[in-house]
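A.B. asks: This is the structure I want to talk about, given as structure tokens.
The values are calculated or read from the model by the stated rules, or taken from the named source; none is laboratory data. Values in this document were obtained by computation on a predicted structure and should not be read as measured data. All Cβ positions, even for glycine, are placed from backbone atoms using ideal geometry, and neighbour counts span all protein chains on display. Accessible surface areas use protein heavy atoms only, side chains included; no ligands, DNA or RNA. Shrake-Rupley method; radii C 1.70, N 1.55, O 1.52, S 1.80 Å.
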Amino acid sequence: MEFDFSPVIEYLPTLLQGVGVTLLIGLAVAVMSVIGGQIVAVITLYTRKAVNWPLRFFIWLFMTTPLLLQLYFLYFGIGEWILIPAIVVGVLGLGFHYMAYNADIFIATIKSVSSGQYEASRSLGFGHLATLFYVVLPQAFNRALPQLSNNMIIMVKDISVLSAIGIGEMVYVAQYAISVTFRPFEFYITIAVIYYLINLMMEAGQTWIERRAAYRS
């Protein structure tokens, strides 16, 4: 068996486009899932059952069903009535999936903040929303950082699932190149190395952010 990486070099611009698509989707999903997770957690904890029970069901539904099934439902199921671009489905599908997991994390970390701090803040004249925004959520966010960072690393790898609905991320463009060059080993090894490098950079970023958060706290 001979290894020939010349096709990989030839298709390198195509692979880099796939890397760019992967990173852009990852950024969009990270913002959506972290901000949305906080909102869902706050509404779940601080509203009446008529409001928070549907959100608890949302968390349960997305945490107990496979990501691929959720994507197929959004793209092919809802697609019978509403035509949604694949890239939008990909971002929404991953966003909702990780929003549910992040909301579960935020619920736990918000509960871990001492109720005495909430009461002290209210006694100083802060309103309910101001107390949540300035006192509770910053502490909850710092405590959630390790788990959130791990979720984001896993999420970037899960973007490869979007190849199933035709989104041109790394695995999809690699499969296209393989169908032309018939060199699966070389392309899959290359993609694996790229994922490894992305993970290393994300882990380094995670460590830096956690140190900054610990220093500020």
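A.B. asks: In the stretch 35-54, how many are open to solvent by 50 Å² or more (accessible area, probe 1.4 Å), assigned to a helix (DSSP H, G or I) and hydroxyl-bearing (Ser, Thr, Tyr)?
C.D. replies: Step one: list which residues in the stretch 35-54 are open to solvent by 50 Å² or more (accessible area, probe 1.4 Å), which gives 35, 39, 43, 46-51, 53-54.
Cutting the leftovers down to assigned to a helix (DSSP H, G or I) gives us 35, 39, 43, 46, 49-51, 53-54.
Subset that is hydroxyl-bearing (Ser, Thr, Tyr): 46.
The qualifying residues number 1.
A.B. asks: If you don't mind, another one. Residues in the stretch 77-102 that are free of Cβ contacts under 8 Å to residues at least 12 places away in the same chain and in a helix (DSSP H, G or I): how many?
C.D. replies: Counting residues in the stretch 77-102 that are free of Cβ contacts under 8 Å to residues at least 12 places away in the same chain and in a helix (DSSP H, G or I) gives 5.
A.B. asks: In the stretch 187-217, which residue that is over 21 Å from GLY20 (Cβ atoms) and surrounded by 14 or more Cβ atoms within 10 Å (Cβ to Cβ) is modelled with the lowest pLDDT?
C.D. replies: Once the filter is applied, the top-ranked residue is ALA213.
A.B. asks: Sticking with this one: In the set PHE57, PHE62, which member is without any contact (Cβ under 8 Å) to a residue 40 or more places away in the chain, in a helix (DSSP H, G or I), of a type in the set (Phe, Trp, Tyr) and touching a His at 6+ places or on another chain (Cβ under 7 Å)?
C.D. replies: Sole residue among the options that is without any contact (Cβ under 8 Å) to a residue 40 or more places away in the chain, in a helix (DSSP H, G or I), of a type in the set (Phe, Trp, Tyr) and touching a His at 6+ places or on another chain (Cβ under 7 Å): PHE62.
A.B. asks: For the structure I just gave you, tell me whether SER121 is at pLDDT below 90 and touching a Phe, Trp or Tyr at 6+ places or on another chain (Cβ under 8 Å). Give the steps one after another, and end with the answer.
C.D. replies: Details: at pLDDT below 90: yes; touching a Phe, Trp or Tyr at 6+ places or on another chain (Cβ under 8 Å): yes.
So SER121 fits the description; yes.
A.B. asks: Just the residues that are without any contact (Cβ under 8 Å) to a residue 40 or more places away in the chain and either closer than 12 Å to LEU12 by Cβ or open to solvent by less than 30 Å² (accessible area, probe 1.4 Å) (or both), please, taken from the stretch 172-186.
C.D. replies: ILE178
A.B. asks: Next question. Considering only residues that are exposed (fewer than 13 other Cβ atoms within 10 Å of the Cβ) and under 27 Å from SER33 (Cα atoms), which ones fall in the stretch 106-129?
C.D. replies: LYS111, SER112, SER114, SER115, GLY127, HIS128, LEU129, listed by residue number.
A.B. asks: If you don't mind, there's one more thing I want to ask. What single numbered condition from (1) of a type outside the set (Gly, Ala, Ser); (2) at pLDDT 95 or above; (3) buried (at least 19 other Cβ atoms within 10 Å of the Cβ) fails to hold for LEU67?
C.D. replies: If we test LEU67 against (1) of a type outside the set (Gly, Ala, Ser); (2) at pLDDT 95 or above; (3) buried (at least 19 other Cβ atoms within 10 Å of the Cβ), just (3) comes out false.
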